Amino acid sequence: MEISPHPFATLSPARVVAAVESLGFWLPGEPFTLNSYENRVYLVHDEDRRRWVVKFYRPERWSDERIQEEHDFLAELVAAGVAVAAPWRDAEGTSLHRAEGFRFSLFPCLPGQAPELENPAHLFALGELIGAVHAVGERGCFVHRGAMDLDEMVREARERVLASSWLGRRQRDAYARITDALHERLADSAWPADRAIRVHGDCHIGNILGRDEHFALVDFDDCLMAPAVQDLWMLITADQPEERHMQLSEVMEGYEEQRDFDRSELSLMEPLRALRLLRHSAWLVARWEDPAFPAAFPWLADEGYWDGQIRSLEQQRQILERDPRWLS
């Protein structure tokens, strides 16, 4: 039986150039592939030496309405003076374009480097940036992009891994037992729907670029309705309590320059960390047919990876069983 090629396999450099030039640009050079797995992203420059990031959306992942809602949120943020990149629009105001079966968008390139999470000035600036995003985010609601549902997301991730062929019998039994206990514990961490606002959704340092204390937030591909802390907890990375609380203090001080923060949401930080652990492995399993994934994550096929994942989930379960360390 012949296996159909992955849709992205047909996305050649020539097709990338042709897609962008169909919008009225002329590209004197070849596209440069950027580090992205969920979608395909390229850096190009036009005849005026302007640099653009071209994003081709994974087929059948998001509806047009969901993508457009992301674009409209970005335009709203830019209009409010928040440091983000909104997609280019043509004369008709269109930001989501089509070429040879692909949907794509064109973003101005924002230069810079990732922040240093040990630097108090950077942490303050990041808190201020995210607070500015949320100050706009709370003014409206997403209709098509939906809301973070912790119970549903845990269930979906757990079932996807257990339905796969990656785990041996011993690992499957351990994974099922530990994730069942995690799921039960996380069921107590739900939040009222009226606490959710429009957030970035995937606010790790790879999606933050800048220099000195001036940063911009990029890649709103996973934006959704969620509690504000979803965009903050990944910035708190230290192992030692003193360093951890320094990070949190600086982020909160910057954030509250823009918007008040309900400190009770700090109790969600460890549940959200557990959710990300679960979903990351499930994401890798779900995308394995994409040739980019075996090349980038070959260790998924190793028995040792799954043993390590099971240990990490058990450690996170134990953390959740203890008193919330973020409220001390």
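Throughout, read-outs are computed from the coordinates displayed, never taken from laboratory work. Bear in mind the structure is a predicted one, so any value in this text is a computation, not a measurement. As a convention, Cβ positions derive from the backbone with ideal geometry for all residues, glycine included, and neighbour counts pool all protein chains shown.
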So, with points 7 Å from each Cα along the Cβ direction, the residue 302-residue 184 label distance in nm works out to 3.3 nm
Calculated SAXS-style log₁₀ I(q)/I(0) at q = 0.14, 0.21, 0.25, 0.26 Å⁻¹ - region 187-226, Debye, Cα scatterers: -0.44, -0.73, -0.85, -0.88
The local net charge around residue 198, scoring Lys/Arg +1 and Asp/Glu -1 for residues other than residue 198 whose Cβ lies under 11 Å from its Cβ, equals -4
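Taking 51 Å as R0, compute the FRET efficiency from the Cβ-Cβ separation of residue 245 and residue 193 and round it to 0.05.
Values: r = 30 Å, r/R0 = 0.60.
With R0 = 51 Å, the Cβ-Cβ based efficiency is 0.95.
Can you sort 186, 266 so the residue with the fewest Cβ neighbours within 10 Å comes first? Each step should come with its number before you reach the end.
On the way: 186 23, 266 20.
By the 10 Å Cβ count, ascending, the order reads 266, 186.
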MRE, 222 nm, helices only [DSSP H, n ≥ 4, -39500 (n - 2.57), over the chain, to nearest 500]: -13000 deg cm²/dmol
Can you tell which of 301, 129, 249 lies farthest toward the positive end of the dipole of region 120-327, using +1 and -1 charges on the Cβ of basic and acidic side chains (Lys, Arg; Asp, Glu)? 301
Rg/Rh for the chain: what does it come to with C-alpha atoms and Rh from Kirkwood? 0.97
Modelled label-to-label distance, residue 156 and residue 121, 7 Å Cα→beta-carbon offset: nm? 4.2 nm
What is the local net charge at residue 282, summed over the other residues whose Cβ is closer than 10 Å to its Cβ (Lys, Arg +1; Asp, Glu -1)? +2
Among the GluC sites (Glu not before Pro) in region 234-294, which ones are in a DSSP loop with at most 16 other Cβ atoms within 10 Å of the Cβ? Mind listing them? 256, 257, 289
Paired Rg and Dmax values of region 1-81, which use every Cα atom, in angstrom: 15.0, 54
Would you mind getting me the FRET efficiency between residue 114 and residue 75? Use the beta-carbon distance for r and R0 = 30 Å, nearest 0.05. 0.75
Hull surface over four for the Cα convex hull of region 223-328, reported in nm², is 8.5 nm²
Suppose each label sits 7 Å from its Cα in the direction of the beta carbon; what would the residue 237-residue 98 distance come out to in nanometres? 4.1 nm
The size of the Cβ-based charge dipole (Lys, Arg +1; Asp, Glu -1) of the chain about the Cα centre, to the nearest 20 debye, is 800 debye
